Structure formats: structure tokens, C-alpha cells
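**Student:** Below is the structure I would like to discuss, written out as C-alpha cells.
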Amino acid sequence: MNKETSLSKLFPVLFGFFIMGFVDVVGIATNYVKMDFNLNDTVANLLPMMVFLWFAVFSVPTGLLMNSIGRKKTVALSMVITFIAMLIPLIAYQFTVIMIAFALLGIGNTILQVSLNPLLQNVVRGDRLTSSLTWGQFIKAIASFLGPVIAGFAASSLGNWKMLFPIFAGITLISTLWLYFTSIDEQPVDGKSSSFGSCFALLKDRTILMLFLGILFVVGIDVGLNTTIPKFLMERTGMLLEQAGLGTSLYFIARTTGAFIGAILLVRISGRNFLIVSMIAAIIGMILMLMMGDTWAILVLIFVLGFAVANVFSIIFSAALQRKPERANEISGLMIMGVAGGAVMPPLMGIVSDATGQAGGMALLLVAMAYLLICAFAVLKPGAR
């Protein structure tokens, strides 16, 4: 927007990103549920699927819903659904009930991710959007960090890990009320009626299509690294799983650090230049890591990779919103639908890994990184933020 950002309006919107991070509790929750119900991995892994599935189902409909009821009301709806999801495990602790709770958590998070990003566009100036989105991702990462910590605290000090749910429910309620009582002037929606057809027709725009694929690839990189880093460390260095799992934590720390620094730098550096440097660093880091056998060298390069990809999502998402600001609602739905593409890369990596080893599977990520580098040169405008 072409007006000074109001902090009284910015803070409640940014706090919504903290609620967005609650979805990552599914990782630690899956381990507790597996143990509590003595499940095998196949059944236990249905929980993450119940969260991930809804990005493909509800993203575009949410973009259309925003045209009808507005962005702020759509964000509020997502938080209400999240609040309900957090209360369900307290009513009855059964596997089927937990599945329903996490399905609602996934639906609420999908709606939140689609609607919160465009809402942020209403409270910040256009040239600060990328930086503000990156701050949002940093705040989301903090919540993701705290999930396992709160679960451990609840299990050890409150007697049951499930006590994290009322804690999260209370925080969600606070966020909902804070946003509800904040006045936000929303940009008018294009008078043309929207439909699924008109929404997907946006992909005819070469730039929108390339940015959509960029979201798909960066999520694929993120999920692929999170999934494969422990196995790569075990294969390359002989680590036990308990130790190798710390590689994923290191990657997540690097992402959080990168998001914090990126939020500061992107105020002054163009998203295009930032993305170019980031992808060059990521490609070099990945090639070196695949050649290394030393544990400490690999760990350093894992940090480099996490740091390099930390701001890619925000840069691409911001570029898509600014491509057609009057269609931001539908574009947001399309971009978030690309998050579901994170389910594509790991299976492909698994097939290659079974045939050639973990290094071969991880080498596929170089293709995605190369695409993002090409996207930066071909799509993003010089100087654009």
C-alpha cells in the first residue's frame, strides 16, 4: 500500500504467523501418538498426511472465499478452526479423534496461509512486502521451534504431552481477539466475478506460472532436505539415527537465522539479487556436500543450505502478489496450493536413493535449485522487492 505502515495494525497480523507455525507440531505429535497407540510407521504417518493433504484441496477455494467475505474475516475463520482443532484431543484421546483434529488443523492452516499473506499486503507498503513476509516466516519458525519444547515441558512438568493443546488453544484465542479488534482497511477486490476457472486461468500468465512452479520447487527442496539429511549423515558418516536427526535441527536453525537476517536485508536489497545469490550459494553448497565425507564439513554445508533457502518462499510469494495486486486473493490460493507439491520430491528422491544411494537422491534437488536460479533471472524484475 502507498501509506506508512501502522505498527498497531502490523503486529496483530504478524502474530498470526505464530499461529501458522502450530501446524509443525504434527512432527512431534506423530511420535507421541505412535508410542501411545503402539502404531507402525505406515499408520502413524497418516497424521502428517492429514495435514498436508488440505493444501491441495482448500487453497484455491479459500482465495475465492476471500473475495466474498474479505481477508480479515477469512483469517479469523482459520483461527477459529485452529482453536477447535486444539480442543478436540482434550475431549477424547483416540486415534480416530486425533486424525480428525489434525485434519481440522491442516484445513485451518491452509486457510490461514492463503489469507494471512494478502492481509499483510493491506498493512505494509508495497516495497516492504517481501521483508514483511520474511519477518512472518521468521515468527512462524519460532512457533515451530517451540512446539517440541512445549510438548516436552507438558510431558515432564504437566504430566501429559497433550497439555500443549490447551496452551496452543489459548494463544490462538488471544491472536483471534487481537486481530478482531484491529481495524484494517482492505483493498477493494476486482469487480469481476471469480471462479475456479478464472483462478486457474491466471496460470496462463507466464510469470505467474513460473512463480507457482517456484513455490512447488522450494517446498520440494525444504521437504526433501528435512527428510533426507538424517539418512545422508547415517550413510556418509556412520552416525546413529539419534545423532543424525540433529542434522535436521541444524537445518531448521539455519532457516530461522536466515529468515531473521533476510527480513533485515530485504528492506535494502532487491528480492531478485537476493534470490540469485542465495541459489548460487545453495547449488555450490549442495555440490560440495555431496562430495564430502567429513562430518563437520557436512554439518557446515547443511547450515549453508538452510540459510540459503530460508527466504526463497517469501521472495517468490511477494513477487506473485505484486504481479497482479488486484487478483492477490486468487494468486495467494494458487501459490499456497503449490505447497502441496512438497509431496512430489521426497518419493522421487526415494526411488533414486534406493538405486544409487542417498547422494543420488539429494542430487535431484540441484534441478530444483537450478530452476529457482533461472526463475530469478527470467521472472523477477531488477530492483523489485
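The values are calculated or read from the model by the stated rules, or taken from the named source; none is laboratory data. Note that the coordinates shown come from a computational prediction; the quantities given were computed from them, not determined experimentally. In this analysis, Cβ positions are derived from the backbone assuming ideal geometry, glycine residues included, and neighbour counts consider all displayed protein chains.
**Student:** Suppose we keep only residues that are farther than 25 Å from Asn329 by Cα and part of a loop (DSSP other than H, G, I, E, B) within region 149-188. Which one would you say is nearest to the chain's Cα centre (by Cα)?
**Tutor:** If we take residues in region 149-188 being farther than 25 Å from Asn329 by Cα and part of a loop (DSSP other than H, G, I, E, B), then Asn160 is nearest to the chain's Cα centre (by Cα).
**Student:** Restricting to region 249-285, count the residues that are touching a helix residue (DSSP H, G or I) at 6+ places or on another chain (Cβ under 6 Å) and not small (Gly, Ala, Ser).
**Tutor:** Final tally of qualifying residues: 12.
**Student:** Tell me yes or no: at least one residue of region 78-91 is within 21 Å of Gly338 (Cβ to Cβ) and in contact (Cβ under 8 Å) with a residue 24 or more places away in the chain.
**Tutor:** Yes, region 78-91 contains a residue that is within 21 Å of Gly338 (Cβ to Cβ) and in contact (Cβ under 8 Å) with a residue 24 or more places away in the chain.
**Student:** Residues in region 313-326: is at least one over 17 Å from Asn117 (Cβ atoms) and either out of contact with any strand residue (DSSP E or B) (no Cβ under 9 Å at 6 or more places or on another chain) or surrounded by fewer than 18 Cβ atoms within 10 Å (Cβ to Cβ) (or both)?
**Tutor:** Among the residues of region 313-326, not one is over 17 Å from Asn117 (Cβ atoms) and either out of contact with any strand residue (DSSP E or B) (no Cβ under 9 Å at 6 or more places or on another chain) or surrounded by fewer than 18 Cβ atoms within 10 Å (Cβ to Cβ) (or both), which makes the answer no.
Quick grid of which residues meet (1) touching a strand residue (DSSP E or B) at 6+ places or on another chain (Cβ under 7 Å); (2) under 24 Å from Ile171 (Cα atoms); (3) modelled with pLDDT of 85 or more; (4) among the polar types (S, T, N, Q):
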{"position": "Asn45", "(1), (2), (3), (4)": "no, no, no, yes"}
{"position": "Gly63", "(1), (2), (3), (4)": "no, no, no, no"}
{"position": "Ala103", "(1), (2), (3), (4)": "no, yes, yes, no"}
{"position": "Gly136", "(1), (2), (3), (4)": "no, yes, yes, no"}
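**Student:** Something else now. Is it the case that region 106-124 has a residue that's of a type in the set (S, T, N, Q), modelled with pLDDT under 90 and not in a helix (DSSP H, G or I)?
**Tutor:** Checking region 106-124: at least one residue is of a type in the set (S, T, N, Q), modelled with pLDDT under 90 and not in a helix (DSSP H, G or I).
**Student:** Determine whether region 112-135 contains at least one residue that is more than 22 Å from Ile184 (Cα to Cα) and touching a helix residue (DSSP H, G or I) at 6+ places or on another chain (Cβ under 6 Å).
**Tutor:** no
**Student:** Pick out the one residue from Arg272, Arg268 that is surrounded by fewer than 18 Cβ atoms within 10 Å (Cβ to Cβ) and among the basic types (Lys, Arg).
**Tutor:** Arg268
**Student:** If you check every pair at least six apart or on different chains, which have Cβ atoms under 8 Å apart with a residue in region 50-73 that is assigned by TED's automatic domain parsing to the domain that holds Glu326 first and a residue that is of a type in the set (A, V, I, L, M) and crowded, with 23+ Cβ neighbours inside 10 Å second?
**Tutor:** none
**Student:** Can you say whether Lys72 is modelled with pLDDT under 80, part of a helix (DSSP H, G or I) and either surrounded by 18 or more Cβ atoms within 10 Å (Cβ to Cβ) or of a type outside the set (A, V, I, L, M) (or both), as far as the supplied structure shows?
**Tutor:** Considered against the rule, which asks whether it is modelled with pLDDT under 80, part of a helix (DSSP H, G or I) and either surrounded by 18 or more Cβ atoms within 10 Å (Cβ to Cβ) or of a type outside the set (A, V, I, L, M) (or both), Lys72 comes out as no.
**Student:** Enumerate the pairs (first residue in region 328-357 and over 15 Å from Ala56 (Cα atoms) and modelled with pLDDT of 80 or more; second residue anywhere and acidic (Asp, Glu) and buried (at least 24 other Cβ atoms within 10 Å of the Cβ)) with beta-carbon separation below 6 Å, excluding pairs fewer than 6 apart on the same chain, so at least 6 apart or on different chains.
**Tutor:** The qualifying pairs do not exist here.
**Student:** Residue check: is Val26 touching a helix residue (DSSP H, G or I) at 6+ places or on another chain (Cβ under 6 Å), surrounded by fewer than 24 Cβ atoms within 10 Å (Cβ to Cβ) and outside any helix (DSSP H, G or I)?
**Tutor:** no
Conditions tested, residue by residue: (1) under 17 Å from Arg125 (Cα atoms); (2) of a type in the set (Ser, Thr, Tyr); (3) in the same structural domain as Val60 (by TED's automatic domain parsing).
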{"site": "Met289", "(1), (2), (3)": "no, no, no"}
{"site": "Val309", "(1), (2), (3)": "no, no, no"}
{"site": "Ser318", "(1), (2), (3)": "yes, yes, no"}
{"site": "Leu321", "(1), (2), (3)": "yes, no, no"}
{"site": "Pro325", "(1), (2), (3)": "yes, no, no"}
{"site": "Gly333", "(1), (2), (3)": "no, no, no"}
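**Student:** Only residues that are surrounded by 15 or more Cβ atoms within 10 Å (Cβ to Cβ) and within 21 Å of Phe15 (Cβ to Cβ): list them for region 152-173, please.
**Tutor:** The answer is Leu164, Phe165, Pro166, Ile167, Phe168, Ala169, Ile171, Thr172, Leu173.
**Student:** Let me ask something else. Restricting attention to region 220-243, does a residue exist that is over 22 Å from Gly357 (Cα atoms) and surrounded by 19 or more Cβ atoms within 10 Å (Cβ to Cβ)?
**Tutor:** Within region 220-243 (the criterion being over 22 Å from Gly357 (Cα atoms) and surrounded by 19 or more Cβ atoms within 10 Å (Cβ to Cβ)), the answer is no, since none of the residues qualifies.
**Student:** Return only the number of the condition from (1) of a type outside the set (Val, Ile, Thr); (2) surrounded by fewer than 16 Cβ atoms within 10 Å (Cβ to Cβ); (3) not in a helix (DSSP H, G or I) that Phe11 does not satisfy.
**Tutor:** Condition (3) is where Phe11 drops out.
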